[in-house]
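S.K.: My questions all concern the structure below.
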Amino acid sequence: MRVTSIISDKGGDTKTTTTNALTTGINFLYPKKYNSLAITNEPSGHLPLFFGLDSDKYPTTYHVGKKEISFAEAIQHTQRGDLINGNGTVNWMDELWRTEEEKSQVYNLIKDGLQEKEVASKYTHVFIDCKPLISGTLVIQALVASTDIIVPMKASAASIKSLLLLHNAITEMKSTLNPSIKIAGILITRYKNTNIEKANIQNLKTWANINKTKVFKTYIPDGVGIEEAQAFSENIYEYKYGIGKDKPAKAYLEFINEYLSEYK
């Protein structure tokens, strides 16, 4: 099982859209070869909406931590794929620990849940939608459980600056709770092919090379098709234009193959 956190230090970098695209896309392209799970580890409830669920009606990892349900029981099965719901209750995670032992249990909540036999035997890939922050219990839970990280980001100066903060957080995680975690790569999203974006991407590639990661070859172009599909809880790969016709959705399918070719 490969566990990938989708994370960046700022909002608006399509973390939730990328989590949706990867989870549903792997199931869409390779239904007999792979089986993916999405985990909503942030409070907005947007990802469940994209899967056609009302986030207020389903339990979250907080309820797993309270031992009201098992991790496997928290998984919801939809036409789009499987996911664990997220809503405002996940922000209460710090209420679950008072001792160092309880703190460790909370930090390892997702990691331990994914190791449950009925979960570990079912899924080949897990994608965790994270808050746009680089600290706090929710982010620690995700990074402790993850084998790697994808950083979706626009090719802007602000995004590049935030990347430095994220890298520092990952470096600290490697030295403490998860020595094997790594940044699988940087995914350029909302790409408009401007000269300033091209220059920023070159700077990103230089940074990535120095820090032993990379910028993925696939860029996700700017477009409204995916946003409309998600707003109506539709499949982003079939909505409006037909399979493979929407440019951002088509690019995500190409990215999935790029990701799977190196990170199976």
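The values are calculated or read from the model by the stated rules, or taken from the named source; none is laboratory data. Everything quoted here is computed from the prediction, not taken from an experiment. Positions of Cβ are generated from backbone atoms using ideal geometry, with glycine treated the same way; all protein chains shown enter the neighbour counts. Please note that ligands, DNA and RNA were not included when accessible areas were found on the heavy atoms of the full protein model with its side chains. Shrake-Rupley method; radii C 1.70, N 1.55, O 1.52, S 1.80 Å.
S.K.: Would you work out the Kirkwood radius for the chain? I mean one over the mean of 1/r across all pairs of different Cα atoms, in Å.
M.R.: For the chain, the Kirkwood estimate is 18.5 Å.
S.K.: In the stretch 1-74, what percent of the accessible surface is made up of carbon and sulfur (1.4 Å probe, ligands and nucleic acids excluded)?
M.R.: C and S atoms contribute 49 percent here.
S.K.: For every helix of n ≥ 4 consecutive DSSP H residues, a contribution of -39,500 (n - 2.57) applies; sum these over the chain, divide by its total residues, and give [θ] at 222 nm rounded to the nearest 500 deg cm²/dmol.
M.R.: -12500 deg cm²/dmol
S.K.: How big is the Rg/Rh ratio for the stretch 81-193, C-alpha atoms only, Rh by Kirkwood, two decimals?
M.R.: 0.98
S.K.: Next up: Out of the DSSP beta bridges found with both residues in the chain, what percent are antiparallel (nearest 5)?
M.R.: If I count the DSSP bridges inside the chain, around 10 percent turn out antiparallel.
S.K.: Within the stretch 16-59, list the residues whose amide N lies under 14 Å from a label point set 7 Å along Cα→Cβ of SER261.
M.R.: none
S.K.: Could I ask something else about it? Suppose we look only past 15 Å in the calculated P(r) of the stretch 146-197. What percent of the Cα-Cα pairs does that tail hold?
M.R.: Above the 15 Å cut-off, the stretch 146-197 has 51 percent of its Cα pairs.
S.K.: Loop-only check: which GluC sites (Glu not before Pro) in the stretch 43-118 are DSSP coil with at most 13 other Cβ within 10 angstrom?
M.R.: Qualifying residues, ordered by number: GLU68, GLU116.
S.K.: Calculate, in nm to one decimal, what VAL224 and THR147 gain on full extension: separation in residues at 0.36 nm each, minus their alpha carbon distance.
M.R.: Difference between extended and current length: 24.6 nm.
S.K.: Let me ask you something else. Short version: ³J(HN,Hα) in whole Hz for each residue of the stretch 45-61, in order, from phi by Karplus 6.51 cos²θ - 1.76 cosθ + 1.60 (θ = phi - 60°), x for Gly and Pro, what are they?
M.R.: Ordered by residue, 3J(HN,Hα) equals x, 5, 4, x, 4, 5, 8, x, 10, 8, 4, 6, 9, 10, x, 10, 5 Hz.
S.K.: Sequence-distant or interchain residues sharing an amide H contact under 5 Å with THR60, placed H: which?
M.R.: The answer is none.
S.K.: Now for a separate question. Taking the Cα centroid of the stretch 96-131 and of the stretch 134-165, what is the distance between the two, rounded to the nearest whole Å?
M.R.: The distance from the Cα centre of the stretch 96-131 to that of the stretch 134-165 comes to 18 Å.
S.K.: Report, ordered by chain and residue number, the aspartates and glutamates lying within cross-link reach of LYS182, taken as a straight Cα distance under 15 Å and ignoring same-chain residues fewer than 8 apart.
M.R.: Within the straight-line limit of under 15 Å, LYS182 reaches these aspartates and glutamates: ASP148, GLU172, GLU262.
S.K.: Using the membrane-span-like helix rule (whole DSSP H runs, Cα extent along the own axis of at least 27 Å, mean Kyte-Doolittle hydropathy at least 1.6), which helices of the chain qualify?
M.R.: The qualifying helices: there are none.
S.K.: Let me ask something else about it. For the pairs LYS15/LYS103; LYS66/LYS122; LYS111/LYS250; LYS15/LYS247; LYS15/LYS154, flag any whose C-alpha to C-alpha distance is greater than 20 Å.
M.R.: Listed pairs above 20 Å: LYS15/LYS103; LYS66/LYS122; LYS111/LYS250.
S.K.: Placing +1 at every Lys and Arg Cβ and -1 at every Asp and Glu Cβ, with all other atoms neutral, what dipole size does the chain have around its Cα centre, in debye to the nearest 20?
M.R.: 1000
S.K.: Something else: Give or take rounding to whole Å, what are the principal axis extents of the alpha carbon atoms in the stretch 14-56, in descending order?
M.R.: Principal-axis extents of the Cα atoms in the stretch 14-56, largest first: 32, 20, 14 Å.
S.K.: Using Cα-only point scatterers and the Debye equation, what is log10 of I(q)/I(0) for the stretch 161-264 at each q in 0.12, 0.18 Å⁻¹, rounded to two decimals?
M.R.: -0.53, -0.99
S.K.: From the C-alpha coordinates alone, can you work out the Kirkwood hydrodynamic radius of the stretch 1-99, in Å?
M.R.: 14.2
S.K.: Compare the Cα positions of ALA21, THR60, GLN202 along the charge dipole of the chain (+1 at Cβ of Lys, Arg; -1 at Cβ of Asp, Glu; about the Cα centre) and return the one farthest towards the positive end.
M.R.: Most positive-ward Cα: GLN202.
S.K.: Would you work out the charge dipole size for the stretch 1-100 about its Cα centre, treating the Cβ of every Lys and Arg as +1 and the Cβ of every Asp and Glu as -1, and quote it to the nearest 20 debye?
M.R.: Once rounded to the nearest 20, the dipole reads 440 debye.
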